[in-house]
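To start, the structure under review is shown below, and the notes come after it.
The numbers here are math on the coordinates, done by the rules we state, and not lab data. Keep in mind that this is a model prediction, so the values were computed, not measured. Cβ: placed from backbone, ideal geometry, glycine included. Neighbour counts: every protein chain shown.
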Amino acid sequence: MIITRRRLLVTSAAGAAGFALAPAWAAPPLKEKATYKVGFAQTESNNPWRLAETASMQAEAKKLGYQLVYTDAAGSAAKQASDVNSMIAQGVDAIFLPPREDKPLVPVIKAAAKAGIPVFLIDRDVDHSMAKPGEDYVTFIGSNFVEEGQRVAAWLAKAVDGKAKIIELEGTTGSSPANDRKKGFDEAIKQWPGMTILASQSGDFARDKGRQVAETLLQAHPDATAIYAHNDEMALGAIAALEAAGKKPGKDVMVVSIDGEKDAVQAIIDGKLGCTCECNPRFGPKAFSTMKDYAAGKSIPPYIKNDDNFYDSTNAKEVLASAF
Ligand code: GYE
């Protein structure tokens with residue numbers, strides 16, 4: 001017999017009749033074993049953040065002696081969904097998934113749960129109106145992206161004395177970090193009436209796309225005085241676009257971003273990038289220890305937060321060597 005999903009009995013008040021039992025679904029259980037076959041369905045491998053994440057997951061699996069089934073969706077949510085389906089077909093014990101976008105991966109997350117395979121979301125979340133932690137997947141482990149956007153907004157406001165005309169380079173459309181980094185930043189700058197967003201467009205979290213979009217938006221808005229990029233790769237692309245347009249990044253236009261990759265920390269040292277809010281990609285130890293805790297029957301919270309550092313000219317030199 002295949003046990004697919006655990007039925008939980010939840011008591012709820014049922015009027016004068018007293019207490020009734022109402023069913024709710026829980027994520028599938030995981031057996032405690034000496035070794036596991038675990039899937040990791042990466043979204044793409046086009047930036048240092050992704051490479052650092054993959055390296056961390058592979059190193060931890062190796063350390064524990066687990067078999068890691070690794071796939072790379074090459075920037076396609078459809079390919080990532082089929083990668084997860086093939087992991088289900090291979091009968092992995094558990095799946096680690098950074099859903100590229102917050103809706104298209106929901107059906108395969110539910111399919112894994114139905115097949116009795118617990119899914120742990122790492123680095124990106126899904127739309128909670130479509131899938132729920134503790135039910136369709138175990139938990140989401142990652143940074144608070146709203147907070148990241150707020151921290152960058154506060155740094156920028158201070159640096160430009162509350163006055164800026166901003167171009168925003170958004171991450172992958174429909175991804176949880178793009179949604180929440182936008183929300184956090186856009187809402188935070190409302191506190192400063194002198195800060196306005198001239199234009200906001202996706203650069204898909206990629207350096208060259210960021211450069212192209214920045215080039216177009218700078219032509220349309222030559223009065224821009226700041227660029228907020230949802231990740232360092234697009235910020236570095238924007239810095240190249242500014243230089244190509246004969247503008248000095250860090251002086252004529254203040255550039256700010258998120259991730260904390262080595263090239264960005266170097267750009268801070270060079271005076272071209274104002275700040276970057278770290279977003280830690282080294283998920284391996286936390287991802288696998290959460291999985292082991294789950295197998296041991298410990299209660300897992302629906303969200304496990306990664307804490308982020310913050311880099312600017314006051315500490316960039318110290319962190320350069322350890323940046324990814
Ligand atoms: O900021 C970006 C990557 O999902 C948090 O995705 C992650 C983001 C990260 O491609 O560089």
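A few remarks follow.
- Neighbour-count ranking [beta-carbon atoms within 10 angstrom, fewest first] of Arg282, Arg50, Arg181, Arg100: Arg282, Arg50, Arg100, Arg181
- Between segment 55-103 and segment 195-245, the alpha-carbon center distance in angstrom: 32 Å
- Note on Lys114, Lys190, Lys182, Lys286: ascending count of other Cβ atoms within 10 Å places them as Lys190, Lys114, Lys286, Lys182, the fewest first.
- Based on the Kirkwood approach, the hydrodynamic radius assigned to the chain is 20.8 Å, with every pair of different Cα atoms included.
- Gained length - Glu215 relative to Ser289, 0.36 nm times residue gap less alpha-carbon distance: 22.3 nm
- The alpha-carbon of Lys79 sits under 14 angstrom from the alpha-carbons of these aspartates and glutamates, leaving out residues fewer than 8 places away in its chain: Glu44, Glu101.
- Cβ crowding within 10 Å, taken as a proxy for footprinting-reagent exposure, orders Leu156, Leu30 from fewest neighbours to most as Leu30, Leu156.
- For the set Lys158/Lys247; Lys37/Lys209; Lys247/Lys317; Lys183/Lys292; Lys132/Lys286; Lys262/Lys298, the pairs lying more than 32 angstrom apart at their alpha carbons are Lys37/Lys209; Lys183/Lys292; Lys262/Lys298.
- Where only C-alpha atoms are counted, convex hull volume of segment 245-324 per residue in Å³: 111 Å³
- When the alpha carbon gyration tensor of segment 155-208 is reduced to an equivalent ellipsoid, its three semi-axes come out at 22, 12, 9 angstrom, largest first.
- Sorting the Cα pairs of segment 109-192 by distance into bins of 5 Å, from 0 upward, gives 3, 14, 20, 18, 13, 10, 8, 6, 4, 2, 1 percent per bin.
- Greater than 19 Å apart at Cα, pairs in Lys62/Lys114; Lys110/Lys182; Lys165/Lys251: Lys62/Lys114; Lys110/Lys182
- Put simply, the C-alpha atoms of segment 145-279 give a gyration tensor, and the ellipsoid matching it has half-axes of 18, 17, 15 Å, longest first.
- Using C-alpha pairs below 8 Å separated by at least 6 residues, the relative contact order for the chain is 17 percent.
- Axial C-alpha extent at least 15 Å, average Kyte-Doolittle at least -1.0 - helices from the chain (DSSP): 48-64, 77-90, 145-159, 207-220, 232-244, 284-295
- Share antiparallel - DSSP beta bridges, the chain, percent rounded to 5: 20 percent
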